[in-house]
Amino acid sequence: MKRVIVGLSGGVDSSVAAYLLKEQGYEVIGLFMKNWHDDSVTISNECPWLDDSNDAMLVADKLGIPFQTVDLSEQYKERIVDYMFNEYQKGRTPNPDVLCNREIKFDVFMKIALDLGADFVATGHYCRKGTIQKEGKEVYQLLSGVDNNKDQSYFLCQLSQEQLSKSLFPIGELTKPEVREIATKLDLVTADKKDSQGLCFIGKVRLPEFLQQQLKPKEGVIVEIPEDKNYYNQTEPIFNSTREKLQYLTRKIEYSVTDGTIVGKHQGAHYFTKGQRKGLAVGGTAEPLFVIDTDVTDNIIYTGQGKEHPGLLKKALFVTEDELHWIREDLALKVDETMRVKARIRYRQPLQNAILHKVDSGLYVEFENAQSAITEGQFVAWYLNDELVGSGVIS
């Protein structure tokens, strides 16, 4: 019997994953990860880790599998929380869920599992794993989940071949209603439990307060940029090369206070992200204001009216070489090669037609249609059909 350690989170998805593996004849062990100690920033009655850990224990008991808790809060603080603060300070918007999978669940947690003699680690992610033979070698594929509403392949876009080789995703072939139905039939305590929101495995966290512990508030101005500014309405120049065109499409507009009107004040540019609408507390505009850029050096937020504001829209993005990642290393592009793909710049975004252009310093992703709020620090992931083949941090 192969031994599988399931990351039991106290949610319905991992509960059903554990059940399915047991049915398939694996020796299953449930492990709950404790990633957080500081209760002062969690919204205490909305699923603190203690409730989750109890639910996970009750599920393990019901399924008749061994259960234990591991404390990974030190590694979580070091690898996720500190990274997030660092990114916010630079004016970038990190994605903790993608990082948590790469750094915690499929790295620290996986090493613990393998030390406990596991052959595989399993999670309750809605995605699938494929295996193909290529030049006599096994190559692992990360495939999107069957349930289009819940597909979570994007969150796993930074996994490696090594990590995939030891991973199982038992519920990837099911839809969420089917998963709930199985849990209800088994009378599991998690059957009707709401999906957790907030930072991966911490439970609900008040992000602004959480950041404020490290990043001190500092008052600055909110500037509204009109959409008829000349830099939005330039005629596209004639390009001598594709590269010139891509550099033009990914260029960053340097805004200044004199470009628009001061419409309000904020408590720190590093608390805001591109495309954000809530929290600006500025009224009286015909259309709602959206953040189009933040300047953390001078502590200014630039905004524009409406979600079609030209300051929000862009047709291309760039990923630097050191933040470029191929799950399918065998498909990695060489300099000057291109690839037609479907790509997304955030979870749940419908896949968009795009072309990848490899250059020596990294990779351009050029979209067929302009994308809204392409945000530095977030991940772009690209697919061939339903297979996620690579990803990178938007620079």
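The values are calculated or read from the model by the stated rules, or taken from the named source; none is laboratory data. Bear in mind that the values here come from a model prediction, so they are computed numbers and not experimental data. So basically every Cβ, Gly included, is an ideal-geometry build from the backbone, and we count neighbours across all protein chains shown.
Considering every residue within region 365-383, establish whether at least one is among the aliphatic types (A, V, I, L, M) and more than 27 Å from Phe290 (Cα to Cα). No, region 365-383 has no match at all.
When region 130-140 is filtered for residues that are surrounded by fewer than 18 Cβ atoms within 10 Å (Cβ to Cβ) and either in contact with a strand residue (DSSP E or B) (Cβ under 7 Å, 6 or more places away or on another chain) or among the polar types (S, T, N, Q) (or both), the ones remaining, listed by number, are Gly130, Thr131, Ile132, Gln133, Glu138.
Which residue is farthest from the chain's Cα centre (by Cα), if the candidates are limited to region 10-24 and must be outside any helix (DSSP H, G or I) and surrounded by fewer than 24 Cβ atoms within 10 Å (Cβ to Cβ)? Residue satisfying both the conditions and the ranking: Gln24.
Being more than 26 Å from Tyr232 (Cβ to Cβ), of a type in the set (Lys, Arg) and assigned to a strand (DSSP E or B) is the filter here, so list the residues in region 308-346 that pass it. The answer is Arg340, Lys342. Of the residues in region 108-126, not one is surrounded by fewer than 22 Cβ atoms within 10 Å (Cβ to Cβ), in the same structural domain as Asp192 (by TED's automatic domain parsing), touching a Phe, Trp or Tyr at 6+ places or on another chain (Cβ under 9 Å) and without any contact (Cβ under 8 Å) to a residue 12 or more places away in the chain.
Within region 80-90, the set of residues being surrounded by fewer than 18 Cβ atoms within 10 Å (Cβ to Cβ) and not polar (S, T, N, Q) comprises Asp82, Tyr83, Phe85, Lys90. For region 272-299, the set of residues classified as assigned to a loop (DSSP other than H, G, I, E, B), out of contact with any His (no Cβ under 6 Å at 6 or more places or on another chain), within 23 Å of Met84 (Cβ to Cβ) and not acidic (Asp, Glu) consists of Phe272, Thr273, Lys274, Gly275, Gln276, Arg277, Lys278, Gly279, Leu280, Thr297, Asn299, listed by residue number. Summed over region 246-271, the residues that are farther than 19 Å from Lys314 by Cα, in a loop (DSSP other than H, G, I, E, B) and of a type in the set (A, V, I, L, M, F, W, C) give a count of 0.
Within region 136-148, is there a residue that is assigned to a helix (DSSP H, G or I) and either modelled with pLDDT under 95 or under 30 Å from Val291 (Cβ atoms) (or both)? Among the residues of region 136-148, not one is assigned to a helix (DSSP H, G or I) and either modelled with pLDDT under 95 or under 30 Å from Val291 (Cβ atoms) (or both), which makes the answer no. Kindly indicate whether Ser153 is assigned by TED's automatic domain parsing to the domain that holds Thr123, touching a residue at least 24 places away in the same chain (Cβ under 8 Å), surrounded by 21 or more Cβ atoms within 10 Å (Cβ to Cβ) and of a type in the set (Ser, Thr, Tyr). Yes: the conditions hold for Ser153.
Rundown of residues vs (1) over 22 Å from Ala191 (Cβ atoms); (2) outside the structural domain of Gly7 (by TED's automatic domain parsing); (3) surrounded by 18 or more Cβ atoms within 10 Å (Cβ to Cβ); (4) not small (Gly, Ala, Ser), yes/no style:
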{"residue": "Asp61", "(1), (2), (3), (4)": "no, no, no, yes"}
{"residue": "Gly64", "(1), (2), (3), (4)": "no, no, no, no"}
{"residue": "Arg92", "(1), (2), (3), (4)": "yes, no, yes, yes"}
{"residue": "Ile104", "(1), (2), (3), (4)": "yes, no, yes, yes"}
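Selection of region 347-395 for residues being out of contact with any Asp or Glu (no Cβ under 9 Å at 6 or more places or on another chain), closer than 24 Å to Leu99 by Cα, free of Cβ contacts under 8 Å to residues at least 60 places away in the same chain and not in a loop (DSSP other than H, G, I, E, B) yields Val365, Gln371, Trp382, Leu384. Here Ser196, Ser167 are screened, and the one residue that is assigned by TED's automatic domain parsing to the domain that holds Met84, surrounded by 15 or more Cβ atoms within 10 Å (Cβ to Cβ) and at pLDDT 95 or above is Ser167.
Tallying residues that are of a type in the set (A, V, I, L, M, F, W, C), more than 18 Å from Glu376 (Cβ to Cβ) and surrounded by fewer than 16 Cβ atoms within 10 Å (Cβ to Cβ) within region 227-280 yields 4. Here Asp322 does not fit the description of being assigned by TED's automatic domain parsing to the domain that holds Gly268, acidic (Asp, Glu) and within 23 Å of the chain's Cα centre (by Cα).
Of note, Val335 does not satisfy the criterion of being buried (at least 16 other Cβ atoms within 10 Å of the Cβ), aliphatic (A, V, I, L, M) and at pLDDT 95 or above.
In region 322-334, the residues that are over 16 Å from Phe379 (Cβ atoms) never reach a residue that is of a type in the set (A, V, I, L, M, F, W, C) and part of a loop (DSSP other than H, G, I, E, B) with C-beta atoms less than 8 angstrom apart, at least six apart or across chains.
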